[in-house]
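The values are calculated or read from the model by the stated rules, or taken from the named source; none is laboratory data. These numbers come from a predicted model, not from an experiment. Positions of Cβ are backbone-derived with ideal geometry, glycine not excepted, and every protein chain shown enters the neighbour counts. Just so you know, the surface numbers come from the protein's heavy atoms only, side chains and all, with ligands and any DNA or RNA stripped out. Shrake-Rupley method; radii C 1.70, N 1.55, O 1.52, S 1.80 Å.
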Amino acid sequence: MSDATAPLPPASLSELEAQLARELSLLNFPPAAWLPEYVTSAGERVLSVAIVGAGQCGLAAAFSLKRLGIDDLRIFDQAPCGKAGPWIDYARMETLRSPKHLLGPACDIPALTFQAWFRAQFGDDAWQALEKIPRPQWQQYLEWYRQVLKLEVEFDTRITRVAGEGELLRLTLERSDGHREQLLARKVVFATGRDGLGTPSIPERIAQLDRRYWAHSADAIDFAALKGKRVLVVGMGSAAMDNAAEALEHGAAEVRLLARRPSMPTINKLMGIGSPGFTHGFPRLSAAWRWRIMYYSAATQTPPPHGSTLRVSRHDNAYFHFNAGLASVTQHGDQIHLETVNGQRFEADYVIAATGFNVDIAARAELTDLEPSIARWRDRYTPPAELESAGLGAFPWLGDGFAMTERHPGECPALSNLHAFNYAASLSLGKVSGDIPAVSIGAQWLAQAIAGQLYGADIDNHWQALLDYSKPELDGSEWRDADGGEV
């Protein structure tokens, strides 16, 4: 087809949505549902899949499951409608760090990409001029994604308990209005983001301060209240830059960033080996290789983005301090006194701990019943002494389809039906359950595994359906018996 006769691209969001509907129809979406209804011996109906989290991972997981004919699912998120995920919460970068052309949660559907969504509204010239995706605009795109795919989410709903009942999982839900509900599910997917199986990492010396004078970078922070204040930011990564910049842009008197490292990391090592081969090959590597790669990545550290760093350094009242691990942090009235291991002393009015997150399943109150039975990497693999890492050892040891595994076989069969589709899966399966570049691949792996496992669990029903199927394909008029017998 020549350019002159090629169809014009969508010139509006409504035109794009019509194109998307056609693409999905050509892909036979939605397919027929095939799961039999599941009811306990006591007559309680059992949900096929519960998804905890409605950010980009939860939405991609739900869509991928629906593409495989699994529509008996519910999606929960503790945030209000329109605020799922970190993008308008604690993510404070001006733009996303991922290149604008990556597919994100589009699951190989061209009309579902951010690029298609952007071009339909703002045109090709605006797309060419766009360097990086503005962070709030990514949230708008995800909201459109949810709405156009008709993914119903139960917002303002927190999961307060997950417990095993045989091979099933019982969830206790609590809504913001105080309403409580319990349900049984065959599969539960924790699509809970960066801190999905842990907590913010907070240095003990900071945690003991009066809570009015410090925050973690994932907290809600009143940056306007920092105008004229002296701020210390502990950390030198992406979150440190974003929070330091916010404080500076809101008129902080000075902002000092403190890093334990002797110098700024400048090379994003994993970017150098990123490829479809790495994405698909990582889960197939030996435990030793997976550990070695992730250990090296953590040790060399990911540098903050170029633009985020310039956003801070363009302020004359921003200061970068290296070899500045914490030696002591004390409070004197409304002043914070901090001393570093290299002997530097600082006074500040406020401290921001941009110190990341821990994987710490024991800290997740909703998993109290299951936590003792969950296998971690430290239960399955012992690294050489020079590669020891308590942090990596705390990651869950996951099986097929992001499924939890038992520390001791047979002690908690329900764990094979609890799937960690979040950051904590990265040591077992790679960067496919949180970061934008490969989230569609991870969602497809998850959905395929769940579909296969549910089919296998129901094989008696499917076998009976095979035996019972009796719709004729032929009625006898399609051929003639050459030997003259009756048809």
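In segment 361-378, what residues are among the acidic types (Asp, Glu) and open to solvent by 60 Å² or more (accessible area, probe 1.4 Å)?
Quick first cut of segment 361-378, residues among the acidic types (Asp, Glu) only: 366, 369, 371.
Listed by number, the list holds a single entry, Asp369.
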Which condition number does Ile436 fail, the rest of (1) part of a loop (DSSP other than H, G, I, E, B); (2) at pLDDT 95 or above being met?
-> (2)
From the list Thr266, Thr302, which residue is polar (S, T, N, Q) and farther than 30 Å from Asp400 by Cα?
-> Thr266
Exclusive hit being out of contact with any Cys (no Cβ under 6 Å at 6 or more places or on another chain) and within 20 Å of Leu454 (Cβ to Cβ), set Ala11, Ala50, Ala21, Ala42 = Ala50
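Here are some residues: Thr302, Thr309. Which one is part of a loop (DSSP other than H, G, I, E, B), out of contact with any Pro (no Cβ under 6 Å at 6 or more places or on another chain), closer than 29 Å to Asp222 by Cβ and β-branched (Val, Ile, Thr)? Please lay out each step first, then the result.
Numbers: Thr309 fails: part of a loop (DSSP other than H, G, I, E, B).
The match here is Thr302.
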Residues (modelled with pLDDT under 95 and either open to solvent by less than 70 Å² (accessible area, probe 1.4 Å) or of a type in the set (S, T, N, Q) (or both)) located in segment 253-271 = Ser263, Met264, Pro265, Thr266, Asn268, Leu270
Segment 452-471: number of residues that are of a type outside the set (Gly, Ala, Ser), open to solvent by 60 Å² or more (accessible area, probe 1.4 Å) and in contact with a strand residue (DSSP E or B) (Cβ under 8 Å, 6 or more places away or on another chain) = 0
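If a residue counts only when it is touching a helix residue (DSSP H, G or I) at 6+ places or on another chain (Cβ under 7 Å) and touching a residue at least 40 places away in the same chain (Cβ under 8 Å), which helices (runs of 4 or more DSSP H) contained entirely in segment 78-169 have at least 1 such residues?
Values: elements: 114-122, 124-129, 135-148.
It comes to 114-122, 135-148.
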From Ser48, Ser25, Ser14, grab the single residue that is modelled with pLDDT of 95 or more and crowded, with 17+ Cβ neighbours inside 10 Å.
-> Ser48
If you go through segment 352-359 one residue at a time, do you hit one that is out of contact with any Pro (no Cβ under 8 Å at 6 or more places or on another chain), of a type outside the set (Phe, Trp, Tyr) and not in a loop (DSSP other than H, G, I, E, B)?
-> yes
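Results for (1) β-branched (Val, Ile, Thr); (2) touching a residue at least 60 places away in the same chain (Cβ under 8 Å); (3) buried (at least 20 other Cβ atoms within 10 Å of the Cβ), shown as yes or no for each residue.
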{"residue": "Ser308", "(1), (2), (3)": "no, yes, yes"}
{"residue": "Val312", "(1), (2), (3)": "yes, yes, yes"}
{"residue": "Ala318", "(1), (2), (3)": "no, yes, yes"}
{"residue": "Ser328", "(1), (2), (3)": "no, yes, no"}
{"residue": "Ile336", "(1), (2), (3)": "yes, yes, yes"}
{"residue": "Asn342", "(1), (2), (3)": "no, no, no"}
{"residue": "Tyr350", "(1), (2), (3)": "no, yes, yes"}
Might you let me know whether segment 90-97 holds any residue that is more than 30 Å from Gly237 (Cβ to Cβ) and either of a type in the set (Phe, Trp, Tyr) or surrounded by 12 or more Cβ atoms within 10 Å (Cβ to Cβ) (or both)?
-> no
Segment 196-217 - residue that is touching a Gly at 6+ places or on another chain (Cβ under 9 Å) and in a loop (DSSP other than H, G, I, E, B) and, of those, most open to solvent (accessible area, probe 1.4 Å) = Ser201
Would you mind finding the one in Ile133, Ile75, Ile70 that is crowded, with 21+ Cβ neighbours inside 10 Å, under 30 Å from Met404 (Cα atoms) and more than 17 Å from the chain's Cα centre (by Cα)?
-> Ile70
Determine which single condition Glu366 fails, assuming it passes every other condition in (1) in contact with a helix residue (DSSP H, G or I) (Cβ under 8 Å, 6 or more places away or on another chain); (2) modelled with pLDDT of 95 or more; (3) not small (Gly, Ala, Ser).
-> (1)
Starting from segment 235-264, keep only residues that are farther than 18 Å from Gly307 by Cβ and without any contact (Cβ under 8 Å) to a residue 60 or more places away in the chain, then list their pairs with residues that are surrounded by fewer than 21 Cβ atoms within 10 Å (Cβ to Cβ) and among the basic types (Lys, Arg) whose Cβ atoms are within a distance under 6 Å, requiring at least 6 positions of separation or different chains.
-> His250/Lys227; Gly251/Lys227
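Yes or no: Ala385 farther than 30 Å from Gly85 by Cα, open to solvent by less than 80 Å² (accessible area, probe 1.4 Å) and either of a type in the set (A, V, I, L, M) or free of Cβ contacts under 8 Å to residues at least 40 places away in the same chain (or both)?
yes
Inside segment 155-184, can you point out the residues that are of a type in the set (S, T, N, Q) and crowded, with 18+ Cβ neighbours inside 10 Å?
Selection gives Thr157 alone.
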The lone condition Ile70 fails out of (1) more than 21 Å from Leu24 (Cβ to Cβ); (2) not in a helix (DSSP H, G or I) is (1)
Name the one entry in Leu257, Leu184, Leu248 that is under 29 Å from Phe402 (Cβ atoms) and not acidic (Asp, Glu).
-> Leu184
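Check Arg119, Arg135, Arg186, Arg146 and return the single one that is closer than 29 Å to Ala363 by Cα and among the charged types (D, E, K, R). Lay out the reasoning, then the answer.
On the way: Arg119 fails: closer than 29 Å to Ala363 by Cα; Arg135 fails: closer than 29 Å to Ala363 by Cα; Arg146 fails: closer than 29 Å to Ala363 by Cα.
Among Arg119, Arg135, Arg186, Arg146, only Arg186 is closer than 29 Å to Ala363 by Cα and among the charged types (D, E, K, R).
Which residue, of Phe114, Phe122, is of a type in the set (A, V, I, L, M, F, W, C), exposed (fewer than 14 other Cβ atoms within 10 Å of the Cβ) and closer than 20 Å to Glu17 by Cα? Give the derivation first.
On the way: Phe114 fails: exposed (fewer than 14 other Cβ atoms within 10 Å of the Cβ).
The unique qualifying residue is Phe122.
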Can you tell me which residues in segment 78-89 are modelled with pLDDT of 90 or more and either open to solvent by 50 Å² or more (accessible area, probe 1.4 Å) or of a type in the set (Val, Ile, Thr) (or both)?
-> Gln78, Pro80, Cys81, Lys83
